[in-house]
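Everything on this sheet refers to the single structure shown next.
The values are calculated or read from the model by the stated rules, or taken from the named source; none is laboratory data. Note that the structure is predicted; figures quoted are calculated from it, not measured. Because the Cβ atoms are built from the backbone with ideal geometry, glycine has one as well, and the counts that use them run over all protein chains shown. Ligands, DNA and RNA are stripped out before the accessible areas are found, and what is left, the full protein with its side chains, is counted by its heavy atoms. Shrake-Rupley method; radii C 1.70, N 1.55, O 1.52, S 1.80 Å.
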Amino acid sequence: MLLPSPGDWTQIIDGRANDPRMLRETTISTDGKTTVTHDYAACIDGWIEHGWNVSKDDPAGNWTIKVEIAGYVPQVWRVVFHE
């Protein structure tokens, strides 16, 4: 996920202070604008599911979310969040 400016990662950072295993497969870039999550999701009836949350302190603007699944063409969503 690519954000237009640094995101609010407080929930992840605080959660990791209490449990270092929390979202251990998620990395956040040093500039706070990019995050990558390696995850497993079961495919049920041709569907996979994953969720993201937007914080009130996350930046408005153009976001890019890319999902890559081995053996398939990456899927990209470009969304605009307004204040």
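Return a yes/no flag: does segment 16-35 have any residue that is modelled with pLDDT under 90, among the hydroxyl-bearing types (S, T, Y), more than 22 Å from H82 (Cβ to Cβ) and open to solvent by 50 Å² or more (accessible area, probe 1.4 Å).
no
Take segment 26-83 and flag every residue that is over 17 Å from L3 (Cα atoms) and of a type in the set (D, E, K, R).
Those that are over 17 Å from L3 (Cα atoms) and of a type in the set (D, E, K, R): D39, D45, E49, E68.
If you take the residues in segment 36-59 that are of a type in the set (A, V, I, L, M, F, W, C) and open to solvent by 70 Å² or more (accessible area, probe 1.4 Å), which one is farthest from Q11 (Cα to Cα)? Walk me through how you get there before you give the answer.
Start the filter on segment 36-59 by keeping residues that are of a type in the set (A, V, I, L, M, F, W, C), which leaves 36, 41-44, 47-48, 52, 54.
Now restrict to residues that are open to solvent by 70 Å² or more (accessible area, probe 1.4 Å): 43-44, 47-48, 52, 54.
Working: C43: 28, I44: 29, W47: 28, I48: 24, W52: 12, V54: 11 Å.
Per the stated criteria, the residue is I44.
Which number in (1) outside any loop (DSSP other than H, G, I, E, B); (2) open to solvent by 60 Å² or more (accessible area, probe 1.4 Å); (3) touching a residue at least 24 places away in the same chain (Cβ under 8 Å) marks the one condition that V76 misses?
Result: V76 passes all but (3).
Testing N62 on (1) under 11 Å from the mean Cα position of the chain (by Cα); (2) surrounded by 11 or more Cβ atoms within 10 Å (Cβ to Cβ), one condition comes back false. Which one is that?
So the condition that N62 fails would be (1).
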